[in-house]
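**Q** Here it is: the structure, laid out below.
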Amino acid sequence: MMIFKNTYSKFLIVLFTLVAPASLMAQSPVPATNPKLRLITTIMQRRLDAARAQGQFPGAEVAFVYVDGEMPDGKPRFVIGSVASGVGDLNTNVPLKTSDRFLAGSIGKTFVAALTMMLVQDGKLKLDDKIGKWLGNESWFSKLPNASDITPRMLLNHSSGIPNHADNDSFQKQLLKSGSRNINYEDLLAYVLSKKPLFAAGTGYNYADTNYILIGMIIEKATGQSLYDQVSDRILKPLKLDRTIPSNAVTLPEVVNGYLEGKPVIVNHKFTINPQWEWAGGGFASNAEDLARWAAVLYGGDVLTDKSLEEMFSSTAGEDGSAYGLGTMVTRSKLGRSYGHDGEFPGYLADMRYYPKYKIAIAVMVNSDETFGVDRFLSSATEDFANVIVNATGTNLSDSDQIKFRALAENWLALLGDQKFEESYDMLAARLHARFTKEVWANTIKAFVDRAGKVKSRKVRLMSFTSAASNAVVIEFESSYSKMPNASESLTFVQENGVWKLSAYSLR
């Protein structure tokens, strides 16, 4: 397994934001001192740091949106937050910011699909018209597999029978060889023209970026405007998704470096593989917060009519495509049904989900290609982070419990201050004993404490019982060390056999 250059995984600065939701979600922000928000952010930061250390990928962002009560007018109050871990470039080792952009890959299909449904609502498109209505006069149209039988619905849910140009060996070789140049979108179709269809139109399922290239062309024919202008004017600007931009050039602002097989995909500030080739098959750079907000408003019903949303969720291709609607992956989890999409571009991976039962949206972005560690993390990341919100009730502790847990935390921290590292090991939970021997723990924590210096002051900032399900207590201190004057310490205690043990500790 590859070891990346940055090895300070557990002791990164916490990076998170809380903003008032924009446009359709506009309202007063929940204060940053909100106990539940602080609890959620603390736990998510710790879990993301740990996952990145275990998976050994350069960096990641996680963002979330959840409902916390009501506004005075009865509308739901949304809370937005995000955390980041790691770096955006292994050469500079500059810590990631939650505002940093990643390439979002096929998550961009959700913008294209939503725009298509807006045009259906406007009466400019019909899902079941034949696409020859818009593209029939193109010189290449007759060579398109299943050309005369395809509808926009089939393109959106990948039941057209058209092969995927992105899987074509010639396309991939050309992309690697000439990817620095821009391409005409019609040229992407050349890789599937005159090919035998995979199945009769509307009778099967095959995920293909080619379907969305055709939808992009139809949108431009129907509106007389570029796809990017339409998405910007009708989605990005009204919703104030300011960190989301077209990925249509080899140089993009504030996009972190991605890593493909351990090598950077941005060299001398330019992409080695031009994202412009993706277009309607993905085509956007964003940050996790924008994507979480987008999932919340799209699947929460603030963008499309109920009828249009139902079309997106129910218009599946059947069989292998039964979990894919109109630009939407429909899946089931322990938290119930979820809606969203994942994304991949060489050097970047992302996932975006909305859990309607709990009205929670989660977005995760990683600047790495698929590795065992990354795949393991992403396989359950959105659900795991959504569970943090579900379980984080932020229950207040009684006065006597607060005194007890504060003493427990301070006694353990005093052992560190007195250099009694082996004694501190005896108070650790089983999960930490499984990761560290006593000797390794002592050496690890000593190096960490030496880096911070001597403690000068410490004040409780947060103390909360997470939930009966997880049975954990989180205590957060505002601390000052000789080498870290403005620090934050977080300790998590869990109960094992009736005894409270330290399950996690961080100093930032």
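**Q** Has the stretch 462-474 got any residue that is surrounded by fewer than 17 Cβ atoms within 10 Å (Cβ to Cβ), under 18 Å from GLU410 (Cβ atoms) and free of Cβ contacts under 8 Å to residues at least 40 places away in the same chain?
**A** No, the stretch 462-474 has no match at all.
**Q** Of all residues in the stretch 302-344, which are at pLDDT below 95 and open to solvent by less than 30 Å² (accessible area, probe 1.4 Å)?
**A** Listed by number, the residues that qualify are SER315, ALA317, GLY318, GLY321, LEU335, GLY336.
**Q** The conditions are (1) without any contact (Cβ under 8 Å) to a residue 24 or more places away in the chain; (2) in a loop (DSSP other than H, G, I, E, B), and GLY327 fails exactly one of them. Which is it?
**A** Going through (1) without any contact (Cβ under 8 Å) to a residue 24 or more places away in the chain; (2) in a loop (DSSP other than H, G, I, E, B) one by one, GLY327 breaks only (1).
Each row is one residue, and each column tells you yes or no for (1) β-branched (Val, Ile, Thr); (2) within 18 Å of SER398 (Cα to Cα); (3) outside any strand (DSSP E or B).
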{"site": "MET463", "(1), (2), (3)": "no, yes, no"}
{"site": "VAL473", "(1), (2), (3)": "yes, yes, no"}
{"site": "GLU478", "(1), (2), (3)": "no, no, no"}
{"site": "VAL494", "(1), (2), (3)": "yes, yes, no"}
{"site": "LYS501", "(1), (2), (3)": "no, no, no"}
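**Q** Take ASP129 and decide whether it is touching a residue at least 12 places away in the same chain (Cβ under 8 Å), part of a loop (DSSP other than H, G, I, E, B), open to solvent by 10 Å² or more (accessible area, probe 1.4 Å) and of a type in the set (Asp, Glu). Lay out the reasoning, then the answer.
**A** On the way: touching a residue at least 12 places away in the same chain (Cβ under 8 Å): yes; part of a loop (DSSP other than H, G, I, E, B): yes; open to solvent by 10 Å² or more (accessible area, probe 1.4 Å): yes; of a type in the set (Asp, Glu): yes.
The answer is yes for ASP129.
**Q** Being without any contact (Cβ under 8 Å) to a residue 40 or more places away in the chain and assigned to a loop (DSSP other than H, G, I, E, B) is the filter here, so list the residues in the stretch 265-314 that pass it.
**A** ASN268, HIS269, GLY301
**Q** Among the residues of the stretch 468-475, is any of a type in the set (S, T, N, Q) and modelled with pLDDT of 90 or more?
**A** Looking through the stretch 468-475, none of the residues is of a type in the set (S, T, N, Q) and modelled with pLDDT of 90 or more.
**Q** Yes or no: the stretch 448-461 includes at least one residue that is part of a helix (DSSP H, G or I), free of Cβ contacts under 8 Å to residues at least 12 places away in the same chain and open to solvent by 80 Å² or more (accessible area, probe 1.4 Å).
**A** There is no residue in the stretch 448-461 that is part of a helix (DSSP H, G or I), free of Cβ contacts under 8 Å to residues at least 12 places away in the same chain and open to solvent by 80 Å² or more (accessible area, probe 1.4 Å).
**Q** Among the residues of the stretch 89-124, write down those that are open to solvent by less than 10 Å² (accessible area, probe 1.4 Å) and either assigned to a loop (DSSP other than H, G, I, E, B) or among the basic types (Lys, Arg) (or both).
**A** Within the stretch 89-124, LEU96, ALA104, LYS109 meet the criteria.
**Q** Oh, and also: If ALA51 satisfies all but one of (1) surrounded by 17 or more Cβ atoms within 10 Å (Cβ to Cβ); (2) of a type outside the set (Phe, Trp, Tyr); (3) at pLDDT below 80; (4) out of contact with any strand residue (DSSP E or B) (no Cβ under 7 Å at 6 or more places or on another chain), what's the number of the condition it fails?
**A** All conditions pass for ALA51, except number (3).
**Q** Which members of the stretch 198-246 meet the condition of being charged (D, E, K, R), crowded, with 17+ Cβ neighbours inside 10 Å, in contact (Cβ under 8 Å) with a residue 24 or more places away in the chain and assigned to a helix (DSSP H, G or I)?
**A** ASP209, ARG234, listed by residue number.
**Q** Criterion first (under 35 Å from the mean Cα position of the chain (by Cα), closer than 20 Å to LEU48 by Cα and open to solvent by 10 Å² or more (accessible area, probe 1.4 Å)) does ARG406 satisfy it?
**A** Against the criterion (under 35 Å from the mean Cα position of the chain (by Cα), closer than 20 Å to LEU48 by Cα and open to solvent by 10 Å² or more (accessible area, probe 1.4 Å)), ARG406 does not qualify.
The values are calculated or read from the model by the stated rules, or taken from the named source; none is laboratory data. Predicted model, so just to flag it, every value in this text is computed and none were measured. Backbone-built Cβ (ideal geometry, glycine too); neighbour counts: all protein chains shown. The area values use the complete protein model at the heavy-atom level, side chains included, leaving out ligands, DNA and RNA. Shrake-Rupley method; radii C 1.70, N 1.55, O 1.52, S 1.80 Å.
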